[in-house]
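To start, the structure under review is shown below, and the notes come after it.
Any read-out appearing in this document is the output of simple, stated calculations on the displayed coordinates, not a laboratory observation. Please read these numbers as outputs of a predicted model, since none were measured by experiment. Backbone-built Cβ (ideal geometry, glycine too); neighbour counts: all protein chains shown.
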Amino acid sequence: MNHKLTYKPYNEKSILVEWPKVIDEAILNDILQFKAKIEASEGFKIMSLTHAYQSLLIHFKKEIDDFDAIINQLKDIYSSKAEVIQLRQKLWKIPVCYDSSFGIDLEFISKEKNISIEEIIERHSKAIYKVYFIGFLPGFLYLGGLDDMLATARKATPRQQIDKGSVAIGGNQTGVYPSDSPGGWNIIGKTPINFFNVNKSEPCFAKAGDCIQFYQISKEEFNDINTLVAHDVYLIESEVINA
Amino acid sequence: MLKVLHAGFYTSVQDFGRNNHQYIGVPFSGAMDKKAATFANAILGNNPNEAVLEMTMLGAKVQFNQPTVVAISGADMDTKINNTKILRYKAIVVNSGDVLSFGKLKQGFRAYLAVLGGFKTPTVLGSKSMYATITENQIIKKGDALSYNTIPSNYRPSFASIKFNDDYLKSSTIEVFKGAEFDLLSKEQQEQLLSQPFTISKDNNRMAYQLAETLENTLEPIITSAVLPGTVQLTPSGKLIVLMRDCQTTGGYPRVLQLTEEALNILAQKFTGASVSFKLKAKKKK
């Protein structure tokens, strides 16, 4: 809680708080702490708190009459010596089938980077990715931690449709398409896991601050897990990482 | 049930949308012109956020199979019940078998149909607003049936006569706040943005309105950050994009302006070819 933050009115009901312009886990943790402190503080009627890499949008229920007064209150909350709130963070293990029938751009990346497909899979599934925030599409996780070797530019012309569950690389990011959607990322595999299910009280199992690790499965295992997921009986492997 | 005989161009069920699921990437959604939706509900004594039908450009043709009371607001689409012209902004009793049809667009772009008690379509994540991947259907189709409450047998209409000023439908002034990256623009760019008129391009829908004129852009993309309905983004090619109710929750283009809530309603009633100008909203006096 020692960053120099800027506070800007965003519209009638919201204030944008910005951290230094870098993507960094320490900043993410600072944002999550501030968010938790705001949620715990009384007196604010908040509709939603949306954060990204280095920003937090605070959306109030009512129009703000006096921005300066609210911003001063927020500054006090940020700098308050309140006890650090212990946020429970999890590591989720996500099965991915990197079969060439799913990973339609594996060969392209392999040629582009001059590394074998096996090495792409190994590097992609070895890393532990940090969930910075969820945006773009419902249930789309912005993950940090892609191996530099795998960074691949987005396609110049996006595909009209990318299947739900597709695991992809775009620039220095990797991610999973939570629903069928157009997209310009390079597809390297597919997961049977549902990243967004409106029938659950928490539609997305992961939250900002959690970690994700991918592991390789065969096409048979993909089909088995797919069936379990379809019947809503598949339990995603996970462990608490900061207990 | 309300039976859909013709769906119109783009018709969907909308209320005030989803306001607290942005942390998992869920768009706000909700009626494009919240003022009109609120008013249609108010005429009937409904809660302001009851689900209404939002019709775009070309309205629907629907048949009621239970009696109810309806109200129409927003765009003027030459509305008729069984071929008899009806007025907007009035509570109108409809009987079983009555057919309500919307005709030629005369003013505005989006019309709203409210029924007594609101449409009883499924609520997902706290809202009935239709959105692909969240609700089962994204739009209303021919043959759909929407349920609503039957009018109580002892029902006696007692509607307050409310004066509704719809001058905003004619307005072309879009009031804005400075966007988060407004100050990064040069003085010339800022002046251009706030003085010249802009034309709405054919790329306009519930997610965003693209403007035809470009602004010379020298700004770098930003680190992906939050956006809201009404955020005006400046793309690398200089295109201006005004995000609307179904927009994504985050974006990476500089945010040069932010529309007021009222301006969003005004813009929602405009379409291809319409000219608008941005005007900075005066700061509130303390």
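Some points to look at:
- Going from the residue with the fewest nearby Cβ atoms within 10 Å to the one with the most, A:D105, A:D147 rank A:D147, A:D105.
- Taking amide H as placed 1.01 Å from N in the peptide plane, the amide H of B:V94 sits under 5 Å from that of B:T68, B:V69, B:V70, each at least 5 places away or on another chain.
- Using the average count of surrounding beta-carbon atoms within 10 Å as a protection proxy, the listed peptides A:206-217, B:184-195, B:43-54 rank, highest first, as B:43-54, A:206-217, B:184-195.
- From its DSSP helices (H runs of at least four residues, each -39,500 (n - 2.57)), chain B gives a residue-normalised ellipticity at 222 nm of -3000 deg cm²/dmol.
- Net lengthening on full extension, A:V240/A:D224 (0.36 nm per residue, minus Cα-Cα): 3.2 nm
- By other beta-carbon atoms within 10 Å, ranking A:K126, A:K45 with the fewest at the front produces A:K45, A:K126.
- Taking 16 Å as the straight-line reach from the Cα of B:K61, the aspartates and glutamates in range (excluding those fewer than 8 positions away in the same chain) are B:D76, B:D78, B:D98, B:D144.
- Cut-off 17 Å (backbone N to label point 7 Å along Cα→Cβ of B:H6), residues of the stretch B:140-157: B:140-144
- Since only A:Q73, A:Y53, A:F34 are under comparison, the one whose Cα sits farthest along the positive direction of the charge dipole of the stretch A:6-79, derived from C-beta charges on Lys, Arg, Asp and Glu, is A:Y53.
- As a size descriptor, the averaged projected area of the C-alpha convex hull of the stretch B:101-165 was calculated at 7.3 nm².
- Members of A:K8/B:K279; A:K61/A:K81; B:K187/B:K283; B:K106/B:K142; A:K21/B:K281 lying beyond 22 Å, as alpha-carbon distances in this model show: A:K61/A:K81; B:K106/B:K142; A:K21/B:K281
- Where the Cα pairs of the protein assembly as shown fall when distances are cut into 20 Å bins, in %: 20, 50, 28, 2
- A:K81/A:I128 FRET efficiency (R0 51 Å; Cβ-Cβ; nearest 0.05): 0.95
- Ordered by the count of other Cβ atoms within 10 Å of each Cβ, fewest first, B:V4, B:V93, B:V13 give B:V93, B:V4, B:V13.
- 10 Å Cβ neighbours from other chains, averaged over peptide B:15-21: 3
- Note on chain A: Kirkwood hydrodynamic radius from all Cα pairs is 19.6 Å, rounded to one decimal.
- Per-residue [θ]222 nm for chain A (sum of -39500 (n - 2.57) over DSSP H runs n ≥ 4, rounded to 500): -7500 deg cm²/dmol
- Averaged over B:25-35, number of beta-carbon atoms from partner chains that fall within 10 Å: 3
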